[in-house]
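The values are calculated or read from the model by the stated rules, or taken from the named source; none is laboratory data. Predicted model, so just to flag it, every value in this text is computed and none were measured. Methodologically, a virtual Cβ is constructed for each residue, glycine included, from the backbone with ideal geometry; neighbour enumeration extends over all protein chains shown.
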Amino acid sequence: MRVAILYLAIGDYTDFWTDFYSSCEKNFLPDCEKNYFVFTDRPSTISGTNVHVSSVDDLGWPLNTMFRFKYFLRHRDTLRSHDAVFFFNANALFCETISMKDVLPPGYTLTGVVHPGYQKYRKIFLPYERKHRNSTAYVGRFEGDCYFQGCLNGGFSNEYMDLVECCNRNINQDLRANIIARAHDESHLNRYLIEKKVNMLPSCYSLPEGWIGDPIISMRDKAKYPWYSGVKNASAGSGKALGLVKSFVKKIVVESR
């Protein structure tokens with residue numbers, strides 16, 4: 001099988017690349033042909049024989065994460081030509097061997113990981129976008145049974161690229177209405193997956209570093225890196241982000257047709 005790996009490394013998040021790449025090559029679908037599509041503002045820091053690098057701007061938080069679907073669509077046709085596509089957060093580290101039957105067992109075309117912080121919450125307390133009823137990510141009070149973390153998702157190429165195109169379209173619609181969903185791209189991902197049959201990976205596939213348990217994928221602790229404290233403060237929250245968005249909306253809409 002030919003598998004595409006999507007990876008977003010903007011700013012100092014490139015610090016995670018070397019260990020991510022080596023552990024993914026060793027442990028994630030070792031019997032498959034893998035091609036990596038890396039989106040970064042520091043292309044000189046990314047290397048690998050099977051790695052395709054796309055340059056993006058560092059727009060700050062939360063725009064860097066919200067625009068991931070737009071970036072993925074730069075390779076729309078190439079990604080659809082693969083058998084499967086998976087996205088991982090920059091700080092993912094593969095600790096054990098993972099096979100295709102683990103992430104996409106028979107009967108499933110999409111996969112996501114259960115958020116380790118919300119496993120035992122009743123559905124009415126899950127952190128979907130509940131506030132903005134006009135948001136395309138809005139989830140009603142009694143909708144949804146599982147909250148997926150945005151750090152890992154994927155599927156067979158056509159089904160996953162349908163997800164990417166829908167989430168990109170919905171984020172653009174929200175931005176034109178000056179709406180940023182509660183958890184940004186993660187809110188839109190969850191809205192989409194509510195209506196799909198999804199392979200629900202247990203939280204050991206996204207276990208935060210230092211948590212009790214045996215991780216299959218460990219999410220390294222970003223707080224250990226001195227640069228991380230300034231990442232989410234750089235844009236002073238969603239209010240300033242909305243101001244920045246107004247400068248990009250026309251460009252976003254044109255590029256994302």
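Condition check ((1) more than 24 Å from Glu143 (Cβ to Cβ); (2) touching a Ser or Thr at 6+ places or on another chain (Cβ under 9 Å)) across all residues:
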site	(1), (2)
Ala177	no, yes
Ile180	no, yes
His184	no, yes
Ser187	no, yes
Tyr192	no, no
Asn199	no, yes
Ser203	no, no
Pro208	yes, yes
Gly213	yes, yes
query: Only one residue in Lys120, Lys101 is within 23 Å of Gly155 (Cβ to Cβ) and among the charged types (D, E, K, R). Which one?
result: Lys101
Tally, over segment 1-19, of residues that are closer than 14 Å to Phe86 by Cα and surrounded by 16 or more Cβ atoms within 10 Å (Cβ to Cβ): 6
- request: Among residues belonging to segment 48-57 that are among the polar types (S, T, N, Q) and at pLDDT 95 or above, point out the one that is nearest to Arg2 (Cα to Cα).
  value: Asn50
task: Keeping to segment 58-81, report how many residues are assigned to a loop (DSSP other than H, G, I, E, B), touching a Phe, Trp or Tyr at 6+ places or on another chain (Cβ under 9 Å) and at pLDDT 95 or above.
output: 1
message: Is it the case, given these coordinates, that Asn178 is assigned to a helix (DSSP H, G or I), farther than 27 Å from Met219 by Cα, polar (S, T, N, Q) and in contact (Cβ under 8 Å) with a residue 40 or more places away in the chain?
response: no
- prompt: Can we say Asp162 is at pLDDT 95 or above, farther than 21 Å from Trp211 by Cβ and either of a type in the set (A, V, I, L, M) or in contact with a Ser or Thr (Cβ under 7 Å, 6 or more places away or on another chain) (or both)?
  reply: no
- line: For segment 154-175 the number of residues that are in contact (Cβ under 8 Å) with a residue 40 or more places away in the chain, farther than 17 Å from His75 by Cα and within 16 Å of the chain's Cα centre (by Cα) is 1
query: Considering segment 1-56 alone, what residues qualify as being within 22 Å of Gly230 (Cβ to Cβ), β-branched (Val, Ile, Thr) and not in a loop (DSSP other than H, G, I, E, B)?
result: Thr14, Thr40, Thr45
